[in-house]
Amino acid sequence: MHQNPKGTQNMSEKIDTKNHPTIKALEAHRNRLGMTDAAFHRQHLRAICSPATWSLLKSGTYTGDSAGYITELAGPLAMLNDKAEAEAMSSGGGGIVPLSHVVATLGAIKGCAEEIENRLVDVALPSGGGKTTLSRRICEYYGSAAVPMEASETWRHSYFTAVKAVCAALGSKTTFYSPTAAEDEMLHVLRGGERILVIDEGHYCGKEALNMIKLILNDRQSRTRVVLLAIPKLRERMEQSA
């Protein structure tokens with residue numbers, strides 16, 4: 001949840017939150033979904049702000065760091081935009097979507113927004129093909145909803161290492177002494193709000209790390225999407241490890 005920085009100046013004089021495009025777009029989604037304000041906040045915004053803060057932002061009477069909240073609310077808004085677009089998209093295709101450029105990748109991420117099982121997007125690019133740049137573009141588009149991380153050689157054979165790395169990327173400061181504890185923390189955080197895990201250097205994912213990804217995607221209490229950015233041989237390894 002956003003924290004109001006100590007000493008932050010009153011931002012309400014600079015930002016009319018009531019009429020800000022982000023707030024108005026979120027309200028439009030609430031109306032589209034036919035949800036009460038409380039239900040909408042609980043399902044989509046609770047990781048960003050409290051119900052009271054959301055009410056003040058909507059009314060334009062919040063006196064704290066409204067600019068910070070506006071920035072963070074861009075993440076949930078992108079997620080809701082995805083869902084709205086996904087309703088109009090035809091279903092089909094496998095769980096792994098091979099794509100190679102920004103527009104197509106964003107389209108694939110949007111396309112699996114409403115999928116129950118097929119929420120994995122695999123982007124296969126050669127070395128130097130722009131994986132890191134693509135990761136940055138995804139994070140720019142989805143804001144706080146996107147969680148970037150980089151796999152490493154240690155992910156090949158250690159489930160525990162991979163899960164701890166995801167927890168760290170999600171902001172956990174906990175020191176874990178067992179895979180089960182780390183796994184529980186990871187799933188708990190992911191269930192608290194919709195996220196897109198963007199894993200660069202995905203070719204380092206061995207069988208153990210892929211089992212972690214399967215756990216995330218099979219969790220029916222989470223709507224997490226996973227984007228793997230890797231060299232082409234990843235797909236072969238994934239198929240062999242399935």
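The values are calculated or read from the model by the stated rules, or taken from the named source; none is laboratory data. Since we're looking at a predicted model, the values are computed, not measured. Every residue, glycine among them, receives a Cβ derived from its backbone with ideal geometry; neighbour counts consider all protein chains shown.
If I filter the stretch 9-49 down to residues being modelled with pLDDT of 85 or more and hydroxyl-bearing (Ser, Thr, Tyr), which single residue comes out as nearest to residue 64 (Cα to Cα)?
Result: 17.
Residues of the stretch 141-177 being at pLDDT 95 or above and of a type in the set (Lys, Arg), which ones?
Matches in the stretch 141-177: 164 only.
Give the stretch 34-61 a look and list any residue that's aliphatic (A, V, I, L, M) and surrounded by 15 or more Cβ atoms within 10 Å (Cβ to Cβ), or say none. Break it down into steps so the answer makes sense when it comes.
Initially, the stretch 34-61 is screened for residues aliphatic (A, V, I, L, M), giving 35, 38-39, 45, 47-48, 52, 56-57.
Correct list: 35, 45, 47, 48, 56, 57.
Which pairs have Cβ atoms under 8 Å, sit 6 or more apart or on different chains, and link a residue in the stretch 20-47 that is in a helix (DSSP H, G or I) to one that is polar (S, T, N, Q) and modelled with pLDDT of 85 or more?
Sorted first by the residue in the stretch 20-47, then by its partner, the pairs are 23/17; 37/55.
What is the one condition in (1) farther than 14 Å from residue 120 by Cα; (2) at pLDDT 90 or above; (3) not in a helix (DSSP H, G or I) that residue 180 does not satisfy?
The number of the failed condition is (3).
Check 180, 161, 174, 224 and return the single one that is hydroxyl-bearing (Ser, Thr, Tyr), over 18 Å from the mean Cα position of the chain (by Cα) and surrounded by 16 or more Cβ atoms within 10 Å (Cβ to Cβ). Steps first, answer last, please.
Details: 180 fails: surrounded by 16 or more Cβ atoms within 10 Å (Cβ to Cβ); 174 fails: surrounded by 16 or more Cβ atoms within 10 Å (Cβ to Cβ); 224 fails: over 18 Å from the mean Cα position of the chain (by Cα).
Unique residue meeting the criteria: 161.
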